[in-house]
Amino acid sequence: MANEKEIWQTIGEGFVQEYYNQFDNSNRSGLGNLYSANACLTWEGTAIQGREGIAAKLVGLPFKRIRHIITKQDCQPTVDSCILIMVFGQLQVDDDPPMAFHQVFMLKSQDCSWACTNDVFRLGIHNIPV
């Protein structure tokens, strides 16, 4: 079976699908359950520590509707049995034009399930003075 995916690829893709499905189609409060208790999130340069703080940040984002369109995602196993995921795509909030975004997740197996221990998010906006 040459086309079978590695288990880390399947887990990574499943996490990405679940994460953005919850983000786009719920009140975002359940997203905290995807993170480990001491997880770290860096959102546009602002660091947030812990599941509760991360959940509060994601729930408190200032928009009513969001839609993520994933262009590509890459997953890698790490030497310490984690899964590194890099996501590139576009998002649209409310009636604003779509914007590019990049997000990186680190997943770790904890208590027979996978949890996000690290998350880094950036919009792909280039405001460079000319």
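Structure above, values below:
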{"read-out": "Unique match (being open to solvent by 70 Å² or more (accessible area, probe 1.4 Å), of a type outside the set (D, E, K, R), free of Cβ contacts under 8 Å to residues at least 60 places away in the same chain and outside any strand (DSSP E or B)) among Ile125, Ile69", "value": "Ile125"}
{"read-out": "Scope region 87-97; condition open to solvent by 70 Å² or more (accessible area, probe 1.4 Å) and within 12 Å of Ile70 (Cα to Cα); matching residues", "value": "Phe88, Gln90"}
{"read-out": "Hits in region 15-29 - residues which are under 20 Å from Arg51 (Cβ atoms) and under 12 Å from the mean Cα position of the chain (by Cα)", "value": "Phe15, Val16, Glu18, Tyr19, Tyr20, Asn21, Gln22, Phe23"}
{"read-out": "Cβ-Cβ under 6 Å pairs, at least 6 apart or on other chains, region 43-55 side under 16 Å from Gln103 (Cβ atoms) and free of Cβ contacts under 8 Å to residues at least 24 places away in the same chain, far side surrounded by 12 or more Cβ atoms within 10 Å (Cβ to Cβ) and of a type in the set (Val, Ile, Thr)", "value": "Ile48/Ile54"}
{"read-out": "Failed item in (1) in a strand (DSSP E or B); (2) in contact with a Lys or Arg (Cβ under 7 Å, 6 or more places away or on another chain); (3) in contact (Cβ under 8 Å) with a residue 24 or more places away in the chain, with Leu58 passing the rest", "value": "(1)"}
{"read-out": "Qualifying residues in region 25-45 (those that are touching a Phe, Trp or Tyr at 6+ places or on another chain (Cβ under 8 Å) and not hydrophobic (A, V, I, L, M, F, W, C)) - the one least open to solvent (accessible area, probe 1.4 Å)", "value": "Thr42"}
{"read-out": "Residues of region 1-17 satisfying the condition of being of a type in the set (D, E, K, R) and either more than 19 Å from Ser113 (Cβ to Cβ) or open to solvent by 80 Å² or more (accessible area, probe 1.4 Å) (or both)", "value": "Glu4, Lys5, Glu6"}
{"read-out": "Top-ranked residue in region 1-36 [being part of a loop (DSSP other than H, G, I, E, B) and of a type in the set (S, T, N, Q); ranked as modelled with the highest pLDDT]", "value": "Ser26"}
{"read-out": "Hey, Glu52 modelled with pLDDT under 95, among the acidic types (Asp, Glu) and farther than 22 Å from Gly89 by Cβ or not", "value": "no"}
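The values are calculated or read from the model by the stated rules, or taken from the named source; none is laboratory data. Bear in mind the structure is a predicted one, so any value in this text is a computation, not a measurement. Ideal geometry is used to build each Cβ from the backbone, glycine not excepted, and the neighbour counts take in all protein chains shown. What goes into the accessible areas is simple: the full protein's heavy atoms, side chains included, and nothing from ligands, DNA or RNA. Shrake-Rupley method; radii C 1.70, N 1.55, O 1.52, S 1.80 Å.
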